[in-house]
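Read through the structure below, which is laid out as structure tokens, and then see the notes.
The values are calculated or read from the model by the stated rules, or taken from the named source; none is laboratory data. Values in this document were obtained by computation on a predicted structure and should not be read as measured data. So basically every Cβ, Gly included, is an ideal-geometry build from the backbone, and we count neighbours across all protein chains shown.
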Amino acid sequence: MTTTAPAVTDERIKPAGLIITLLRRPEVGAAVAALAIFIFFSVSTTAFLTPAGVATWLYSASLFGIMAVAVALLMIGGEFDLSAGAMVGTTGLIVGIVTTEWGVNIWLALVIALAIALAIGAANAFVVMKTGLPSFIVTLATFFILQGVNLAVTKIITGTVSIQGMSAVPGFDAVKVFFGSSFALFGMDVKISIVWWIAITALATWILLRTRSGNWIFAVGGQITSSRQVGVPVMKVKMGLFMTTAGAGWLVGMLQLFDVSTVQATTGIGQEFIYIICAVVGGCLLTGGYGSAIGAALGALIYGMTLQGIVFAQWDNNWLKAFLGGMLLLAVLVNLYVRRQAGVRS
Amino acid sequence: MTDAQASAAPPILEVRDIGKTYGSILALQGVSASVGVGEVLCVLGDNGAGKSTFIKILSGAHAHTHGKLLAYGVERTFGSPREALDLGIATVYQDLAVVPLMPVWRNFFLGSELTRGFGPFRQLDVKGMRRITKEELAKMGIDLRDVDQPIGTLSGGERQSVAIARAVYFGAKVVILDEPTSALGVKQAGVVLKYIAQARDRGLGVVFITHNPHHAYPVGDRFLLLKRGTSLGDFKKSEITIEEMTKLMAGGAELDALAHELARA
């Protein structure tokens, strides 16, 4: 008795068309929306498409984009980080305080701030993984702690709620080259943060799609028990993701501090949901295991263009929030539709 | 055919009078069976018969407390699933350990990805993994249109066979299948049975755990019948008919009703 091996093709699987194949990519919806918004503001306002205008909305998008990409990685890995916004303020304040109040070397201050950020990220991961509590709750706690500490400690040390005199600190200009400089390109005054944004998006995309770590990020977010069974180091992956988000918070903190040479104790508060919205608009599922770094970057681009576009169009600024909510709802509906079309049973 | 093969080669895995107690509870006792190269051992039993305990001993999840377990003729006591796996004894559990939203090829290599390049530039060998996945699945008789489709889009039977193919590719000599057909419809169960035959013909030993004689009989070479933690016997296919098997499993009281049910199926 021998069993032959006929090629099994199931007549019930109809070949997926180009549209469906395209729609399977998580970032396609965001790309279409970004294009539409770009065209809309380009036509309806005069300032939007000028070199100065483009530089403005790109800068705005870049700060949100760096965080959105990191948050997207974390969300693909199945977790949230609500402390990401407050972290931007915390790191900026640490550098500001230790340099202006205590005269610590500015480079050392950068390292101290980064170390503290990474430690907080690791602590988030540790608590989430050891207790099994939802990261939403754990990082909500971290968020409130950081928010309170930022204000209280800044007040105790400086007597005010902001850091002044950063530009007088020795070495400020040298550091500014990396975090606060700009250069001319096509008549635009391009801020360095845009370069960071593009580089980080590219790096994150490469990691996600072409490295082992990327494979593991999708796996731990998609099905954690299966990942454990096949030997994925779940704890390490989650730890790395929380630390990456915290590290991105540090980077954005530095980009803001060295751009305007001042930092408020309330910096970053209220931004954490915008990062999540950008990631979701970019195709990340709230349930984890699916999403894209490019999508999150496009989500941030949409936000940046709308934020500045509304200013250029001289509308009431409050429309932004309403728009953002609408965008989020639309994105979630599109994601749902796409998942059904792609026939993903889960 | 397989009877002749089995008698020529030493059994890959053999248990003699094996048993397991959890504290004062006798979960399994006095079970003897073996599986050789290109042989399918079917383990049959109703719920609570001791099937799970039997798998756990074979797969290394729990050590046995009585009797002997021999791998390639050498006596062993497994302390962990890793030890069993290193000897080529792989277990495919019911949940299959797959991530539904990930492409087939990523699932196939998950946890053991192929990479190329050095240091920080080390990256996935995507082409290689796609090709190997396609080839390995073809060997199992599965022709996927697209190894990039999420594994969640495959049918239950196909997913089961991807899991088997994965175990085989990563060095399994014996594959233990925990109720692979129980959640499937008639057609899909047939598909899985075909893959079991396929694996057997490639020289693997297969331990097929099921509670359905109709699934076991066509594909099995030997049948181990369990009931309430003890063995009702280890039969060759020539020694038992499907009716006798069903009768043994079901016991006297329920037999009439069961026979009636089966006759109509």
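Structure notes:
- Count of region A:158-190 residues, restricted to those that are over 26 Å from A:Ala248 (Cβ atoms) and in a strand (DSSP E or B), is 1.
- Scanning region B:110-141 for residues that are within 8 Å of chain A (Cβ to nearest Cβ) and without any contact (Cβ under 8 Å) to a residue 40 or more places away in the chain yields B:Leu110, B:Gly111, B:Glu113, B:Thr115, B:Arg122, B:Gln123, B:Leu124, B:Val126, B:Ala138.
- The single residue among B:Leu204, B:Leu193, B:Leu224 that is of a type outside the set (Val, Ile, Thr), at pLDDT 85 or above, under 18 Å from the mean Cα position of the chain (by Cα) and closer than 26 Å to B:Thr21 by Cβ turns out to be B:Leu224.
- The residues listed here are B:Ser52, B:Ser24, B:Ser59; of these, the one that is among the hydroxyl-bearing types (Ser, Thr, Tyr) and within 17 Å of B:Gly205 (Cα to Cα) is B:Ser59.
- Sole exception among (1) within 12 Å of chain A (Cβ to nearest Cβ); (2) hydrophobic (A, V, I, L, M, F, W, C); (3) in contact with a Gly (Cβ under 8 Å, 6 or more places away or on another chain) for B:Trp105, by number: (3)
- Residue list for region B:147-178, restricted to those being surrounded by fewer than 22 Cβ atoms within 10 Å (Cβ to Cβ), farther than 23 Å from B:Arg131 by Cβ and at pLDDT 85 or above: B:Lys173, B:Asp178
- Wholly within region A:222-320, helices (runs of 4 or more DSSP H) carrying at least 2 residues that are in contact (Cβ under 8 Å) with a residue 40 or more places away in the chain: A:234-260, A:272-281, A:293-312
- Test for A:Ile97: is it closer than 20 Å to A:Val263 by Cβ and in contact (Cβ under 8 Å) with a residue 24 or more places away in the chain: yes
- B:Phe54 meets the conditions (1) of a type in the set (Phe, Trp, Tyr); (2) crowded, with 16+ Cβ neighbours inside 10 Å; (3) closer than 30 Å to B:Ile132 by Cα; (4) at pLDDT 85 or above in every case but one. The failed one is (3).
- Every residue from region B:142-163 that is within 25 Å of B:Thr115 (Cβ to Cβ), away from chain A (no Cβ under 11 Å) and in a helix (DSSP H, G or I): B:Val162
- Those residues of region A:43-52 which are surrounded by fewer than 21 Cβ atoms within 10 Å (Cβ to Cβ) and under 24 Å from A:Ile192 (Cα atoms), in sequence order: A:Ala47, A:Leu49, A:Thr50, A:Pro51, A:Ala52
- Count of region A:257-272 residues, restricted to those that are at negative phi and under 15 Å from the mean Cα position of the chain (by Cα), is 3.
- One residue from A:Leu82, A:Leu49, A:Leu108, A:Leu93 being more than 22 Å from A:Val281 (Cα to Cα) and outside any helix (DSSP H, G or I): A:Leu49
- Within region A:187-221, tally of residues that are of a type outside the set (A, V, I, L, M), in contact (Cβ under 8 Å) with a residue 24 or more places away in the chain and either facing chain B (nearest Cβ under 9 Å) or buried (at least 24 other Cβ atoms within 10 Å of the Cβ) (or both): 5
- Residue, nearest to A:Ser226 (Cα to Cα), within region B:65-102, restricted to residues that are away from chain A (no Cβ under 14 Å) and of a type in the set (Lys, Arg): B:Arg76
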